[in-house]
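The values are calculated or read from the model by the stated rules, or taken from the named source; none is laboratory data. Quick caveat: nothing in here was measured; it's all calculated off a predicted structure. Every residue, glycine among them, receives a Cβ derived from its backbone with ideal geometry; neighbour counts consider all protein chains shown.
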């Protein structure tokens, strides 16, 4: 029987991101969502819930109250609390709550998924471990180097935050903190969708992996660029999009991207984009035709008739009479037979 995970968050994009992350580990989990604590308790009282993932701020009862009520109806269930609050007293209250795991936003998806597997007793798929249960030396070294590259870039650009994310929105490494941590998940979700669309568009353009996205704000600017086919780099800071000094910043970004690709390659991540293989099946609207001979036969017949003089019905029949009938099939009418039956224009007028 699969383990059931219930995600409770009133922000749909957050719960959708967490759900998609859980589905990527392919552990056969059953995942459902609820927008409020009251609805979560109602669901947990009818079916078994093995893991509750709840935001602290919810409409109605908050995450702490939900955890207490959940454990009354499901004493064996595990609980992960997630919060984006910055008030020190409230944050301490959440940290000291009797939750099985606690995460601050933006959530490190690698750590979150590892906690889910650990709490449910699943096979560990997030971290590559050896017999000792610790990270193997090469993997640990490369993971550390990811953080080193980000920290170095942050210092070089004097940025507030540098995030290294994958196409599923998981933060795999970061240096610094985003200006608004409460909206980090929404921001990353939007950027992930943009990355996937941009990568698809870039696949039709030579060297399309070099596309860069600039966001100029009143207080903070953002730079977003892909790192291979499956990852991206987000840099946030003051004045990053200024045209006068942009060239130097792009040079630093591209240099860091090269280092990140090398680190990914060393831990077994595919960093070369897959070749685009044209489909062998096309419809008439899949791509434009440049030559008439490329057109389908039926369409070409219509195309060739464009501009020809239109012939009305009476002129057609008069011409047919002058030329005589050439039909030899017994199941077809001649003009004379059609006239006797009243099917020609003249015979219709007589009546």
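Within region 165-188, residues that are in a strand (DSSP E or B) have Cβ atoms under 8 Å from residues that are surrounded by fewer than 20 Cβ atoms within 10 Å (Cβ to Cβ) and modelled with pLDDT under 75 in these pairs: 173/143, counting only partners at least 6 apart in sequence or on another chain. Among the residues of region 137-151, some residue qualifies, meaning at least one is surrounded by fewer than 16 Cβ atoms within 10 Å (Cβ to Cβ), modelled with pLDDT of 85 or more and not in a loop (DSSP other than H, G, I, E, B).
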